[in-house]
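Asker: My structure is below; once you've seen it, I'll send some questions.
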Amino acid sequence: MAEGLDFDGLRPRSPFMGESHATWRAALRRWIDAHIMPFAAEWDEAGAVPRELFVQAGDFGLLGAGYPEAYGGTGRGPDYDHFHGIVTSEELSRVGAGGITAALMVHGIGLPPILALGSDEMKARVAPDVLAGRRQISLAITEPDAGSDVANLSTRAERRGDHYVVNGAKLYITGGCTSQWLTTAVRTGGPGAGGVSLLLIDAASPGITRLPLKKQGWWASDTAQIFFQDVEVPVENLIGPENGGFFGIMMNFNSERLGMASGALASARVCVEEAVAWARERRTFGKRLADHQVIRHKVAEMVRRISAGTAWLDQCAWQVAQGGTPVADLSLLKVEATNTLEFCAREASQILGGASYMRGARLERIYREVRVNAIGGGSEEIMRDLAARQLAL
Amino acid sequence: MKLLVPVKRVIDYNVKVRVKPDQTGVDLANVKMSMNPFCEIAVEEAVRLREKGAASEIVVVSIGPAQAQETIRTALAMGADRGILIQTDQDVEPLGVAKLLKAVVEAEAPGAVVMGKQAIDGDNNATGQMLAALLGWPQATFASAITITGDSAEVTREVDGGLQTLKVALPAVITADLRLNEPRFASLPNIMKAKKKPIDMKTPADFGVDVAPRLTVLKVTEPPKREGGAKVADAAELVGKLKEAGVI
């Protein structure tokens, strides 16, 4: 249950988190408060995070959190499990600038397919630089004509001797303009899921054009449209078996959804924290805003939804930690988390009134990030459909 | 060479302290505590000396309540090798601390003690000097640079007229000033690994030191409230006001 109306008090105490998670949280918070928090509004307005932040985050160990020690990561074990991952996601969300997280942690979706399916040579070539913050890697799946419908993507890679020739286009690629590596889904075989492969593409290859897209929120992170025209990619850059890329793409989604759900619920906590701080200060009609019944009910509703969602998040993460793949749960959890975020961003904004509409504060940025959470990483509609299928409806 | 670094748990420097209503001291309830910033600088310097090859082992020691283990863990995460906690809930005065540290020095035989010049709670600026006196060791206080060569250390101190450089024979007590270095952020993996480094638990009685207070605090009060200023039109009015106030 919630124990207070600030960011920490709003998180129901997790039966799965102990002293190790508390240490992790305190360490992260101290680093984030010094290196990110004071600059969040500035970087969001500037539309980018400074390059040195990647190296600082690499040195600190944030980029390598949960990745194999052989490549400079922390490894996994009692001192890094799924709940440490949730803590990381929550603490980054506390900044209230999802664009900074999207920019800094872009390897969270780009690197895992390489570590899961790539050759040892490829892992050693890519992972250490990425985890140290020297290079970035983006995941390029979505196309102008295929998003969630991955099996129908049409960017083509044709084998010619010792390289592939890639032609096609990708859309809405997070970090796509700045990353040096692109983990790219291409069609190497026939139609459908069985003809999809993953290719590691050097973004500086001749024939690649990258254009930035302007967005509603997430300003600190760039989002790209990428065109491939006769781009030559060495065959050793094939990630996993030819025509076996679909599995790698799907596998990625489960951890991405757990991360997005924790981020959305933590952002909702930021909304309540800001709204409550305001409601306790602001006086109208002779009393505090917090003393008006209409405001009190709004806060209670927000707390109710955050508590329920976070308890479910912990349950799902526990299932994953036991080795399970609760696809239906993870899909619906993401819907619940982003619905809660949307509700809290709205209600908190109503409580702040005009102040919520002014740029530079956490709540205003979070409001502009509701849609990217509710649509990115699998839209609510796709998530519900996936869950219904998993539950054999 | 082994380095001994004493560290103290104090109110975090960001916290705005409140005086207790009964004026017996500062309110510590639910207040964020951290490592004294000067101690953090001393730990950083010890770690840098080891990175340069001038030191081989770093032992941190703290005197305080059970929670001072967290302070020791912070130092271990920055790179110290092991810790000693001399556990007491008593507020130990500088002379008591110096006597306990002397006992630790005798047991550990370090090549130097590197410590903060003062703690930001009591601002006594006394422990390092007292420790050097008790040990009969040379002292170099307020260091803004430390170079160790062989069996001596060159210590730069910021003095009124510029920089003063001292050469002291080792073993010695060196106290750190603010500009000695900028302490690092311990990395996440090092913070997690620090949990497994050993901390020896001791009590003042183990060293036969009586830490009962010799000083009595009569009263702790808030500093006087700052009063609003006033603008003057010209120098003549300013001089008039100053005369009025009896300042000139």
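Asker: Looking only at region A:54-66, count how many residues are closer than 16 Å to residue B:191 by Cβ, surrounded by fewer than 22 Cβ atoms within 10 Å (Cβ to Cβ) and either within 19 Å of the chain's Cα centre (by Cα) or more than 10 Å from every other protein chain (Cβ to nearest Cβ) (or both).
Answerer: Adding up the residues that qualify gives 2.
Asker: What pairs come out if I take residues in region B:203-223 that are of a type in the set (S, T, N, Q) and pair them with residues that are at pLDDT 95 or above and not in a helix (DSSP H, G or I) whose C-beta lies under 8 Å away, six or more apart or interchain?
Answerer: B:203/B:86; B:203/B:87; B:203/B:88
Asker: Tell me, yes or no, whether region A:253-263 has at least one residue that is among the aromatic types (Phe, Trp, Tyr) and within 28 Å of the chain's Cα centre (by Cα).
Answerer: yes
Asker: Separate question: Residues in region A:337-358: is at least one assigned to a loop (DSSP other than H, G, I, E, B) and outside the structural domain of residue A:44 (by TED's automatic domain parsing)?
Answerer: yes
Asker: Return yes when residue A:81 is charged (D, E, K, R), more than 9 Å from chain B (Cβ to nearest Cβ), in contact with an Asp or Glu (Cβ under 9 Å, 6 or more places away or on another chain) and touching a residue at least 24 places away in the same chain (Cβ under 8 Å) and no when it is not.
Answerer: No; evaluated as a whole, the condition is false for this residue.
Asker: Here's a follow-up. Can you find a residue that is basic (Lys, Arg), open to solvent by less than 20 Å² (accessible area, probe 1.4 Å) and out of contact with any strand residue (DSSP E or B) (no Cβ under 9 Å at 6 or more places or on another chain) anywhere in region A:357-375?
Answerer: Yes, region A:357-375 contains a residue that is basic (Lys, Arg), open to solvent by less than 20 Å² (accessible area, probe 1.4 Å) and out of contact with any strand residue (DSSP E or B) (no Cβ under 9 Å at 6 or more places or on another chain).
Asker: Sticking with this one: Is it fair to say residue B:67 is in contact with a helix residue (DSSP H, G or I) (Cβ under 9 Å, 6 or more places away or on another chain), open to solvent by 10 Å² or more (accessible area, probe 1.4 Å) and not small (Gly, Ala, Ser)?
Answerer: In short, no.
Asker: Being of a type outside the set (Ser, Thr, Tyr), touching a helix residue (DSSP H, G or I) at 6+ places or on another chain (Cβ under 9 Å) and either within 14 Å of chain A (Cβ to nearest Cβ) or not in a loop (DSSP other than H, G, I, E, B) (or both) is the filter here, so list the residues in region B:143-178 that pass it.
Answerer: B:143, B:145, B:146, B:148, B:158, B:172, B:173, B:174, B:176, B:178
Asker: Also, I was wondering about something else. Kindly indicate whether residue A:64 is part of a loop (DSSP other than H, G, I, E, B), over 20 Å from residue A:267 (Cα atoms) and not aliphatic (A, V, I, L, M).
Answerer: Answer is yes for this residue.
Asker: A follow-up question, please. Just to confirm my filter: which helices (runs of 4 or more DSSP H) fall fully inside region A:102-142 and include at least 2 residues that are open to solvent by 30 Å² or more (accessible area, probe 1.4 Å) and acidic (Asp, Glu)?
Answerer: Per the criteria, A:120-131.
Asker: From the set of residues in region A:1-18 that are within 14 Å of chain B (Cβ to nearest Cβ) and of a type in the set (Gly, Ala, Ser), which is surrounded by the most Cβ atoms within 10 Å (Cβ to Cβ)?
Answerer: Top of the filtered list is A:9.
Asker: Across region A:19-53, what is the total count of residues that are away from chain B (no Cβ under 14 Å), open to solvent by 10 Å² or more (accessible area, probe 1.4 Å) and not charged (D, E, K, R)?
Answerer: Matching residues across region A:19-53 total 8.
Asker: Looking at region B:73-94, can you tell me whether even one residue there is within 14 Å of chain A (Cβ to nearest Cβ) and either open to solvent by 20 Å² or more (accessible area, probe 1.4 Å) or among the β-branched types (Val, Ile, Thr) (or both)?
Answerer: yes
Asker: When you look at residue B:60, is it among the aliphatic types (A, V, I, L, M) and either closer than 20 Å to residue B:138 by Cβ or part of a loop (DSSP other than H, G, I, E, B) (or both), yes or no?
Answerer: In short, no.
Asker: Now a separate question. For region A:1-38, what are the residues that are farther than 20 Å from residue A:98 by Cβ and of a type in the set (Phe, Trp, Tyr)?
Answerer: Hits for region A:1-38 are A:16, A:24.
Asker: Considering only region B:65-72, I want to know if a residue exists there that is within 17 Å of residue B:153 (Cβ to Cβ), out of contact with any Pro (no Cβ under 6 Å at 6 or more places or on another chain) and either part of a loop (DSSP other than H, G, I, E, B) or charged (D, E, K, R) (or both).
Answerer: Checking region B:65-72: not a single residue is within 17 Å of residue B:153 (Cβ to Cβ), out of contact with any Pro (no Cβ under 6 Å at 6 or more places or on another chain) and either part of a loop (DSSP other than H, G, I, E, B) or charged (D, E, K, R) (or both).
Asker: Right, something else. For region B:179-216, how many residues are over 22 Å from residue B:100 (Cα atoms) and away from every other protein chain (no Cβ under 14 Å)?
Answerer: Result for region B:179-216: 3.
Asker: Go through region A:67-78 residue by residue and tally those that are touching a residue at least 12 places away in the same chain (Cβ under 8 Å) and facing another protein chain (nearest Cβ under 10 Å).
Answerer: Here the count works out to 4.
Asker: To continue, here is another question. Residues in region A:302-309: is at least one open to solvent by less than 40 Å² (accessible area, probe 1.4 Å), over 22 Å from the mean Cα position of the chain (by Cα) and touching a residue at least 60 places away in the same chain (Cβ under 8 Å)?
Answerer: There is at least one residue in region A:302-309 that is open to solvent by less than 40 Å² (accessible area, probe 1.4 Å), over 22 Å from the mean Cα position of the chain (by Cα) and touching a residue at least 60 places away in the same chain (Cβ under 8 Å).
Asker: Hey, another quick one. Restricting attention to region A:84-101, and to residues there that are open to solvent by 10 Å² or more (accessible area, probe 1.4 Å) and away from every other protein chain (no Cβ under 14 Å), which single residue is nearest to residue A:44 (Cα to Cα)?
Answerer: For region A:84-101, the residue satisfying everything is A:98.
Asker: What is the number of the single condition among (1) under 30 Å from residue A:52 (Cβ atoms); (2) of a type in the set (S, T, N, Q); (3) modelled with pLDDT under 95 that residue A:148 does not meet?
Answerer: All conditions pass for residue A:148, except number (1).
Asker: What's the number of the condition residue B:53 fails, among (1) small (Gly, Ala, Ser); (2) surrounded by fewer than 21 Cβ atoms within 10 Å (Cβ to Cβ); (3) touching a Leu at 6+ places or on another chain (Cβ under 7 Å)?
Answerer: (3) is the only condition that residue B:53 fails.
The values are calculated or read from the model by the stated rules, or taken from the named source; none is laboratory data. The structure displayed is predicted, hence computed values, not measured ones. A quick note on method: Cβ atoms are made from the backbone with ideal geometry, for glycine too, and the neighbour counts reach across all protein chains shown. Accessible surface is based on the protein model in full, side chains and every heavy atom, while ligands, DNA and RNA are left aside. Shrake-Rupley method; radii C 1.70, N 1.55, O 1.52, S 1.80 Å.
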